[in-house]
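Let me begin by presenting the structure, written as structure tokens, before commenting on it.
The values are calculated or read from the model by the stated rules, or taken from the named source; none is laboratory data. Bear in mind that the values here come from a model prediction, so they are computed numbers and not experimental data. We place every Cβ from the backbone using ideal geometry, glycine too, and count neighbours over all the protein chains shown. Protein only, heavy atoms only, side chains kept; ligands, DNA and RNA dropped before computing areas. Shrake-Rupley method; radii C 1.70, N 1.55, O 1.52, S 1.80 Å.
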Amino acid sequence: MAFLVSFVYVGVIWLNHHGLFRRIRRMDVGLLWINLAILFSAVIVPFLTAVLGDALGDEGNPHGQRVAVVLYALVAAVMSAPWFGLFTYLRDRPELLQPGVSPRYLRTQRIRPLTGLAMYVVCGIGGWFIAPVVGAVCIAVVILYHALTCEGLHEGPLGRLLGAAGRR
């Protein structure tokens, strides 16, 4: 189960990466370094997922479960930083983007890592103070949020869903 969760999470990171990088026309050294930080965040996921899976499998150790959920949520929150940096970097260097990528796209995309950070903090708090399983489910919800918004807040499946709901 931990392997599957890890695969899905890394897959969501890849979807987000692909959704953005198909809008990039050219790279520079700064963008390469930020991209390296994103790559690091992807390769740490299997380790975190293994720690969380082992802890949740040890039902006799609720403290260990809480610590694992908080660790997972904390590291996932920190993983939002390179994404925020990436969108900020691109906002300040529009010449790196494909023609037609709007400033609105970058503004709304900068919101996503901040939202993820805040949501992961809530997951960690819920996992510590309510129950580890609450934190784990919350983390799954945040991963789903990032999956649904991988093309952007307004461009992807969530944007279409919200747009359809707004027209009713």
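General remarks:
- Residues considered: Ala2, Ala50. Of these, the only one that is surrounded by 13 or more Cβ atoms within 10 Å (Cβ to Cβ) and touching a Gly at 6+ places or on another chain (Cβ under 8 Å) is Ala2.
- Meets criteria (of a type outside the set (Lys, Arg), touching a helix residue (DSSP H, G or I) at 6+ places or on another chain (Cβ under 9 Å) and touching a residue at least 40 places away in the same chain (Cβ under 8 Å)) for Val8: yes
- Some residue of segment 86-99 being touching a Phe, Trp or Tyr at 6+ places or on another chain (Cβ under 6 Å) and either farther than 17 Å from Pro113 by Cβ or not aromatic (Phe, Trp, Tyr) (or both): no
- Identity of the residue in segment 100-120, open to solvent by 70 Å² or more (accessible area, probe 1.4 Å) and either assigned to a helix (DSSP H, G or I) or hydroxyl-bearing (Ser, Thr, Tyr) (or both), that ends up farthest from Thr88 (Cα to Cα): Leu117
- Residue check for Gly85: open to solvent by 20 Å² or more (accessible area, probe 1.4 Å) and over 16 Å from the mean Cα position of the chain (by Cα): no
- Helices (runs of 4 or more DSSP H) contained entirely in segment 1-93, each with at least 1 residues that are of a type in the set (Phe, Trp, Tyr) and either under 22 Å from Gly127 (Cα atoms) or in contact with an Asp or Glu (Cβ under 7 Å, 6 or more places away or on another chain) (or both): 2-21, 29-57, 62-78
- Of the residues making up segment 121-168, those that are at pLDDT 95 or above and part of a loop (DSSP other than H, G, I, E, B) number 2.
- Complete set of residues in segment 55-73 that are touching a residue at least 24 places away in the same chain (Cβ under 8 Å) and of a type outside the set (A, V, I, L, M, F, W, C): Pro62, Gln65, Arg66, Tyr72
- Restricting Val45, Val29, Val78 to residues that are more than 21 Å from Ile130 (Cβ to Cβ), open to solvent by 70 Å² or more (accessible area, probe 1.4 Å) and within 12 Å of the chain's Cα centre (by Cα) narrows the list to Val78.
- Residue that is farthest from the chain's Cα centre (by Cα), among those in segment 121-137 that are touching a residue at least 60 places away in the same chain (Cβ under 8 Å) and open to solvent by less than 50 Å² (accessible area, probe 1.4 Å): Pro132
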